[in-house]
Amino acid sequence: MSRVLWRTLVLLALLLVPAPAAAAARFGEVGGHLSIGTTTRVTHIRIYRNASKRVFPLFIIDVGTAGSGLSMVAGLDYPVAPSLRAGLDLGYDLLGSQTFQRGSLFGAVDYSAFEVTAFLHWLPQQGLVRRVSLGPALVNAHGVLSVTGGGAGFSDLAVHETAGAVAAQITLMKAKPAPVKLGLDLGGRRAFLAGKDWTLLSVRVTVHY
């Protein structure tokens, strides 16, 4: 097991072990959420200064994508301070497929990822952003290869790896208290794979209860 994976596991454990007295006092305040939406695997993000004479926009953002698909997350969290909560999210992402040509042969790779994230949630008291979440994660990345012939020539494209990652997310919700609240999650993860790192950007509708 790599050092990155060990360190990520240690950070997950530290974030999920609150002070015993605080955990006992707030056990009844455990909350949960279910989210569904889409996740995109990003190949690059480049920002260019607009060279035209137009005043707006001043910058042009070039985002390259390598596929996207359905994304689902379930999570639990509990209070550790008046404006802080700690929790665990489990998620699964379908990340689309890519076709590759090498000579006269073609191969396709279907990408997906399973994620476990330990979040520390900060709860702002004002504004539409009701949560700002940061934390370490483990990402089990898969790239399943399918070819009609000459499979050995595409074997380097397959991905089967678990790696450490960092995750960030904001949640937009109404401030009014309610037993069930509907919101929108905007998040990103960076998984540090042995080959090329994966950057995942997500937009999900979420239900908090």
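Select from region 189-209 the residues that are over 17 Å from Leu34 (Cα atoms) and under 14 Å from the mean Cα position of the chain (by Cα) and list them in ascending order.
Looking only at region 189-209, we keep the residues that are over 17 Å from Leu34 (Cα atoms), and these are 189-201.
Within region 189-209, Arg189, Arg190, Ala191, Phe192, Asp197, Trp198, Thr199, Leu200, Leu201 meet the criteria.
What's the total number of residues in region 72-100 that are in contact (Cβ under 8 Å) with a residue 24 or more places away in the chain and within 19 Å of Leu34 (Cα to Cα)?
Qualifying residue count for the region: 17.
Out of the residues in region 67-78 that are in contact with an Asp or Glu (Cβ under 7 Å, 6 or more places away or on another chain) and crowded, with 21+ Cβ neighbours inside 10 Å, which is farthest from Ala167 (Cα to Cα)?
Only one residue fits best here, namely Ser71.
Read-outs: derived from the displayed coordinates by stated rules, not from any lab. In this text the structure is predicted, and so the values were computed from the model without any measurement. Ideal geometry is used to build each Cβ from the backbone, glycine not excepted, and the neighbour counts take in all protein chains shown.
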